[in-house]
Amino acid sequence: MEKLQAAIREARARRDGHRTGPRPVPHETGGAGEVGQDWAALPVMTPGPARLSRNRVVTLSDNPAAAPHDRLRSRIQQHMGREGRRRLAITSPEPGTGKTTVAANLAGSIARCGAGRAVLIEFDLANPCLARLFGQGGTGGVADLLAGRIGFDCHARRLGANVA
């Protein structure tokens, strides 16, 4: 009951324009070593320009077509910063509406801007296509990762220095 009341107070404070402060950020250290070392150990992927063009991923290179995605990235980051948010979900009511393309272009835009780190995770268990979009084979999908059959380091790939 206390958690519910605290959530109601926080919602009212936000509605009235009072911030309750950002959520605490977890420490950058974990179990066996530094997150930076684990991050750097992830294999780097370099998708081919022809594949990216065919799949409408335009944000990995600096070109005019990337500008709308860069504006979207900046607005999302500003809003998330103001609200103290750290996660973003891209969803739609039906398949084939461009969720994967938008997510891939946002990831490319974040990779180019170099501000902070981001992890792009595809949770479409019925029809996963993000790895194919970037031309990556894989050792299992996110279902295997969530079930603990493979580790994150076996599944993830880095896109530039700051997106996995």
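The values are calculated or read from the model by the stated rules, or taken from the named source; none is laboratory data. Predicted model, so just to flag it, every value in this text is computed and none were measured. With ideal geometry, Cβ positions are generated from the backbone for all residues, glycine too; neighbour counts draw on all protein chains shown. These accessible areas exclude ligands, DNA and RNA; they are computed on the full protein's heavy atoms, side chains included. Shrake-Rupley method; radii C 1.70, N 1.55, O 1.52, S 1.80 Å.
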task: Exactly one condition in (1) in a loop (DSSP other than H, G, I, E, B); (2) within 15 Å of the chain's Cα centre (by Cα) is not met by residue 97; state its number.
output: (2)
message: Out of the residues in region 140-164 meeting the condition of being in a loop (DSSP other than H, G, I, E, B) and basic (Lys, Arg), tell me which one is nearest to residue 62 (Cα to Cα).
response: 157
query: Would you pick out the residues in region 61-95 that are surrounded by fewer than 19 Cβ atoms within 10 Å (Cβ to Cβ) and hydrophobic (A, V, I, L, M, F, W, C)?
result: 65, 67, 72, 76, 80, 88, 89, 90
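Output the number of residues of region 61-74 satisfying the condition of being under 16 Å from the mean Cα position of the chain (by Cα) and farther than 18 Å from residue 163 by Cβ.
As a first pass, look at region 61-74 and keep what is under 16 Å from the mean Cα position of the chain (by Cα): 69-70, 72-74.
Still in the list and also farther than 18 Å from residue 163 by Cβ: none.
Result for region 61-74: 0.
So which residues in region 7-51 are under 18 Å from the mean Cα position of the chain (by Cα), at pLDDT 80 or above and either among the aliphatic types (A, V, I, L, M) or not in a helix (DSSP H, G or I) (or both), if there are any at all? Break it down stepwise before answering.
Here is the first cut: in region 7-51, the residues under 18 Å from the mean Cα position of the chain (by Cα) are 25-26, 28, 35-36, 38-40, 42-47.
Now narrow it down to the ones that are at pLDDT 80 or above: 38-40, 42-47.
Hits for region 7-51 are 40, 42, 43, 44, 45, 46, 47.
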Evaluation of residue 60 against (1) within 17 Å of residue 119 (Cα to Cα); (2) in a helix (DSSP H, G or I) (one fails), failing number: (2)
field: One residue from 116, 137 being in a loop (DSSP other than H, G, I, E, B), at positive phi and without any contact (Cβ under 8 Å) to a residue 60 or more places away in the chain
entry: 116
message: From the list 61, 74, exactly one residue is touching a helix residue (DSSP H, G or I) at 6+ places or on another chain (Cβ under 9 Å) and modelled with pLDDT of 90 or more. Which is it?
response: 74
statement: (1) open to solvent by 40 Å² or more (accessible area, probe 1.4 Å); (2) within 15 Å of the chain's Cα centre (by Cα) all hold for residue 147 apart from (2)
message: Within region 96-116, take every residue that is open to solvent by 50 Å² or more (accessible area, probe 1.4 Å) and modelled with pLDDT of 85 or more and give me the one that is nearest to residue 74 (Cα to Cα).
response: 112
query: When you go through (1) open to solvent by less than 70 Å² (accessible area, probe 1.4 Å); (2) of a type in the set (D, E, K, R); (3) not in a loop (DSSP other than H, G, I, E, B) one by one for residue 124, which number turns out not to apply?
result: (3)
statement: Within region 40-58, the residues that are under 15 Å from residue 161 (Cβ atoms), open to solvent by less than 70 Å² (accessible area, probe 1.4 Å) and free of Cβ contacts under 8 Å to residues at least 60 places away in the same chain are 40
